[in-house]
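The values are calculated or read from the model by the stated rules, or taken from the named source; none is laboratory data. Please read these numbers as outputs of a predicted model, since none were measured by experiment. Neighbour counts run over all protein chains shown; Cβ positions are idealised from the backbone, glycine included.
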Amino acid sequence: MKIAKNDIVEVIAGNDRGKRGKVLKVLPRSKRVVVEGVNFIHRHTRPRSQGDQGGIIEKEAPIDVSNVMLVCSKCNKGVRASTKILADKSKTRICTQCGEMIERR
């Protein structure tokens, strides 16, 4: 996957189309990502111990990686990313629109 933790992504499909957020978690086996402020679900929880409080908790649910695009810092829009191998044999991500290198945060 070309999307990693702490990347800024834009949602391109679904109810949250157009929203941007930071990737909190990457689930590579299921090809999903958890994005901050996107795809909220309601979780009904019971109090586990004497002092805990139960109730309805809102939290982010995973979204399919095909429904998000990486945001280029130079273009300031969702772009496709390609990979390039540098002279020191390390891989880097390149914006296909402007050719700018997209660094992992």
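Values as computed for the structure displayed
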item: Selection count where residues are assigned to a loop (DSSP other than H, G, I, E, B) and of a type outside the set (K, R), scope segment 1-38; result: 16
item: Residues of segment 54-84 satisfying the condition of being closer than 13 Å to E10 by Cβ and in a strand (DSSP E or B); result: I63, V68, M69, L70, V71, G78, V79, A81
item: Failed item, numbered, when V11 is tested on (1) over 11 Å from the mean Cα position of the chain (by Cα); (2) at pLDDT 90 or above; result: (1)
item: Tabulated pairs, segment 91-105, first closer than 7 Å to A81 by Cβ, second modelled with pLDDT under 85 and of a type outside the set (A, V, I, L, M), C-beta under 9 angstrom, 6+ apart or interchain; result: R93/E103; R93/R104
item: Residues that are under 21 Å from K77 (Cα atoms) and aliphatic (A, V, I, L, M), drawn from segment 27-52; result: V33, V34, V35, V38
item: Subset tally (residues that are basic (K, R) and modelled with pLDDT under 95) for segment 21-45; result: 1
item: Filtered residues of segment 56-103 (kept if touching a His at 6+ places or on another chain (Cβ under 8 Å) and surrounded by 14 or more Cβ atoms within 10 Å (Cβ to Cβ)); result: none
